[in-house]
Amino acid sequence: MSLSPADQVELFDALKSDAKRFGEALARTAYARGLAVTKKEDGTTKPIPVTATPVVIDAAELARRQALASRISSATLKLSRWVLSGERAGLVLDGLSPLERELAKATFARLSTLVTTRVDFFVGRAVSALEVNATIPAMQGYSDIAALTFLEEVGRAWGATDAQIAQWKRQHGSNAQALWEALLAGYQQVRPGKTPRTVALLCRRNDAQLTEQRYLRERFREQGVDADVVFPDELSGDDAVRANGKAYDLVYRHLFVRRLEEADLRGADYVKRLLAEPNGTRAVVLNPPASQVEVKAVFALLSEAAEDAALAKAAGLTADELDAIARAVPWTRHFRGEALLKRVAADPDRYVLKRSWDYGGRAVFVGRTRREPGFAERVKAAYGEALDWNETCARAVVDPVGGGFVVQEVVETKPEPHLLCSGANLVPAELFVDFSAYASVGLDAQPAWGGVCRGSLSHIVNIVGGGGVLPLITSEIAQALLAARRAWVK
């Protein structure tokens with residue numbers, strides 16, 4: 001059931017008008033449930049804003065985007081394996097840290113399952129994939145908190161019964177539930193017929209997304225499993241993975257491999273050994289190390305494979321995967337060579353530069369924002385001085401850090417009007433909104449994954465670096481919400 005344009009206008013106008021009734025409760029409850037960023041320095045938390053206005057999508061379109069994410073993720077895993085097994089391995093390895101490089105070389109050939117990935121899209125004239133997240137593709141919990149709290153608080157404000165709200169929440173589904181189902185399926189690949197009794201959610205102390213890990217812990221406990229959030233310095237055990245006197249069957253890794261090289265991370269040596277051994281020796285670790293899959297130079301190979309039949313065949317890409325690439329992957333290339341430099345420097349409004357292996361949007365240079373303060377700040381952080389677009393391109397094309405840069409054709413997208421709820425404040429804002437779809441690779445069946453949407457005042461959308469989460473709901477649920485509101489105002 002699609003929401004007509006007139007109904008969507010009516011719904012959004014009603015939400016903006018009535019947000020004073022539910023906005024503060026929406027922000028407060030979402031924060032209490034874990035929609036927050038944790039500060040590394042002292043462990044205090046900062047709420048992540050949530051919008052009173054959702055992203056509405058037809059269920060069929062949500063399923064189509066999830067299928068795109070699944071095929072793009074599987075193709076990326078294949079291409080990472082292909083490149084590491086051949087003469088172009090440096091394309092990936094040169095960007096990795098020493099430990100990431102060591103683990104990639106030792107484990108890539110046996111890496112066939114990724115229980116959870118996340119493909120980030122921009123939606124303009126088409127749905128365009130920007131990158132694949134395979135290391136710690138987070139926000140399953142954040143997405144649930146935003147959407148389910150939105151349904152509760154708006155539903156109550158508009159007179160919906162508890163039974164109605166419960167029905168909407170069942171219809172919506174849960175990415176945390178899908179994550180659990182994926183972890184269970186991945187575990188049973190390693191230990192057939194077994195079910196994990198104990199689960200460790202492994203992350204750093206004061207990890208930025210610690211509150212989300214705690215939310216997931218509670219959802220896993222609802223499945224009847226004994227789940228805990230644990231930190232590297234708590235781990236020990238030669239025959240099993242132990243923490244605080246308990247042995248764990250399954251370790252859900254929410255920890256970048258390169259963090260294990262930080263001098264102040266206690267317990268890193270134990271985790272290094274755990275990740276290097278065959279999966280399941282002491283505990284089943286999901287996802288195992290996968291930095292090579294997320295490197296953007298591999299994403300550039302997706303784009304290249306759409307035009308290079310020999311590459312596609314060598315990597316073993318299927319017709320379905322190539323179709324997904326053709327439909328959703330924008331033109332992307334490893335940024336090297338004089339000819340490409342001239343082409344990109346001459347047409348800044350058309351291109352985006354991204355460091356091949358980095359995260360958080362720190363080294364992303366959008367040509368059309370070259371006159372904005374944010375562009376200058378990122379360039380100065382990368383190179384220590386202010387540079388114009390031509391100078392930035394000249395530095396990036398020879399920059400070896402993180403494997404250099406990729407260049408991607410910009411995806412046309414426009415900011416959308418939304419209403420941010422931050423504490424008691426309701427702030428109208430024009431937000432750039434992305435759409436991320438979850439997927440699994442190597443499982444017999446896809447769990448019932450959904451998606452998550454983030455909004456930012458900047459072209460570069462990142463939660464930890466600022467921005468908010470938008471509730472993502474289907475048209476069917478939006479129509480039910482609108483019907484409740486119409487009944488309430490009569």
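What to note about this one:
- P(r) tail fraction, the stretch 36-134 - alpha-carbon pairs more than 23 Å apart, %: 50 percent
- Of all DSSP beta bridges in the chain, antiparallel share, percent nearest 5: 75 percent
- Between E372 and R88, the contour length at 0.36 nm per residue exceeds the Cα-Cα span by 98.6 nm.
- Using 0.36 nm per residue and subtracting the Cα-Cα separation, the extra length available between Q8 and A309 on full extension is 104.0 nm.
- When peptides 334-340, 478-484, 11-17 are sorted by average Cβ neighbour count within 10 Å, with the highest value leading, the order is 478-484, 11-17, 334-340.
- Highest to lowest packing among 322-330, 130-138, 271-279, scored as the average C-beta count within 10 Å: 130-138, 322-330, 271-279
- Over the stretch 141-256 - Rg/Rh using Cα atoms and the Kirkwood inverse-distance radius: 1.06
- At least 24 Å along the helix axis (C-alpha) and Kyte average at least -0.5, DSSP helices within the chain: 5-33, 59-84, 140-157
- From the Kirkwood radius over Cα pairs of the chain, Stokes-Einstein at 25 °C and 0.890 mPa s returns a whole-number translational diffusion coefficient of 105 µm²/s.
- Projected label points at A63 and T318, each 7 Å from Cα along the beta carbon direction, are separated by 1.7 nanometres.
- Using a Förster distance of 35 Å, the FRET efficiency for A25-K380 (Cβ separation, nearest 0.05): 0.30
- Footprinting exposure proxy ranking of H418, H172, fewest other C-beta atoms within 10 angstrom first, gives H172, H418.
- Taking each DSSP H run with n ≥ 4 as -39500 (n - 2.57) and averaging over every residue of the chain yields -13000 deg cm²/dmol at 222 nm.
- Residue order, fewest to most beta carbons within 10 Å, for W449, W488, W389: W488, W389, W449
- Extending 7 Å from the Cα toward the beta-carbon at both D42 and K246 defines two label points whose distance is 3.0 nm.
- Alpha-carbon Rg with Dmax, taken over the stretch 307-451, Å: 18.6, 57
- Remark on the stretch 283-328: hydrodynamic radius 11.8 angstrom, per the Kirkwood mean of 1/r across alpha carbon pairs.
- For the stretch 107-193, the fraction of alpha-carbon pairs in successive 5 Å shells from zero, as %: 3, 11, 15, 16, 16, 14, 12, 8, 3, 2, 1, 0
None of the figures in this text is laboratory data; all of them are computed from the coordinates on show. None of the values given here were measured: they were computed from a predicted structure. Glycine gets a Cβ as well: all are built from the backbone with ideal geometry, and neighbour counts include every protein chain shown.
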